1. Report yes if Leu92 is within 30 Å of Leu19 (Cα to Cα) and open to solvent by 40 Å² or more (accessible area, probe 1.4 Å), otherwise no.
2. Checking Phe87 against (1) within 15 Å of Ala174 (Cα to Cα); (2) open to solvent by less than 40 Å² (accessible area, probe 1.4 Å); (3) modelled with pLDDT under 85, only one condition comes out false. Which one?
3. In this structure, is Ala33 at pLDDT below 85, in a helix (DSSP H, G or I), farther than 25 Å from Ala115 by Cβ and open to solvent by less than 10 Å² (accessible area, probe 1.4 Å)?
4. Select, from Val118, Val178, the only residue that is modelled with pLDDT of 80 or more and under 14 Å from the mean Cα position of the chain (by Cα).
5. Restricted to region 181-198, and to residues that are open to solvent by 50 Å² or more (accessible area, probe 1.4 Å), aliphatic (A, V, I, L, M) and out of contact with any Leu (no Cβ under 9 Å at 6 or more places or on another chain), which residue is modelled with the lowest pLDDT?
6. Looking at (1) in a helix (DSSP H, G or I); (2) at pLDDT below 75; (3) not aromatic (Phe, Trp, Tyr), which is the one condition that is false for Leu223?
7. Of everything in region 199-211, what is in contact (Cβ under 8 Å) with a residue 12 or more places away in the chain, open to solvent by 40 Å² or more (accessible area, probe 1.4 Å) and either within 26 Å of Gly94 (Cα to Cα) or not in a helix (DSSP H, G or I) (or both)? Give them in sequence order.
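The values are calculated or read from the model by the stated rules, or taken from the named source; none is laboratory data. Worth saying up front: this structure is predicted, and the values here are computed from it rather than measured. Because the Cβ atoms are built from the backbone with ideal geometry, glycine has one as well, and the counts that use them run over all protein chains shown. Each accessible area value is taken on the protein alone, full model and side chains, heavy atoms only, with ligands, DNA and RNA left out. Shrake-Rupley method; radii C 1.70, N 1.55, O 1.52, S 1.80 Å.
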Amino acid sequence: MIESLSTLFPSELSLFVSLGLIAVSFVTSALTAALGLGGGIALIAVMASVMPTAALVPIHGIVQLGSNAGRALVQIRHVDWLILAWFSAGALLGAAIGGSIAINLPAPYLRLGIACFVLWAVWGRPPRFGKTGRPAMAAAGFAATLLSMFFGAAGPIGASVLGTLGLSRHSFVANQAVTALVMHIFKVLAFGLLGFAFAPWTPLVVLMIASGFLGTLAGSKLLNRMPEATFKKGFKLIMTLLALNLAWQAFRLLMA
């Protein structure tokens, strides 16, 4: 039974790690559905600790694509389509420029970069854009997608612009979902055109997307009821430990 299950997953990962990633996808999708962002960063931090570097960002992208599609579907009545149009225009350019660079980034620098990005996303201040209006989402789409080609998740950039638009909490979560969905669509297309082979990872990706959708349903039910203060403190602590672990892995590779 165990041997037959193992054949479903990539040879680079053990059965225990694969099942663990499926569970983590559920938890991080619930986190994002409840708070609006954070799940993608949490997922890339966990995946970077256990996955081959070459597969990390492409597989994270396609899992997040599925997760954000489910979240967008659940919250679709709150989507602002003009926001999505502006973001998509910038995202297309960001994916085109970032793809060819990201595919050649050495493993230690990718892990170190993700560690630094996670620490900034958790402890740093998001950029302030003032009352920029919806056209600023084009710049956000470009910057977020460009950075996501390297670091997997760049939700705080789009969120910082969305936060200036006076959206309700439900509208913020919905528009964060659809803009992240577009970002990951363009990213996955870019890596596919650059030759990444997604096929061996298909069963794991499908199961992670399915568990992520269940997490989205669970997190959406908590959207109005979850006390955020204590939860966010725990989230910051866990993310910091994950980032420090990634930085340690990077330094070990650099010193080897």
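1. So Leu92 fails the test.
2. Unmet condition: (3).
3. Judged against the criteria, Ala33 is a match.
4. Val178
5. Applying the filter and picking the extreme gives Leu194.
6. For Leu223, the failing item is (1).
7. Ile209
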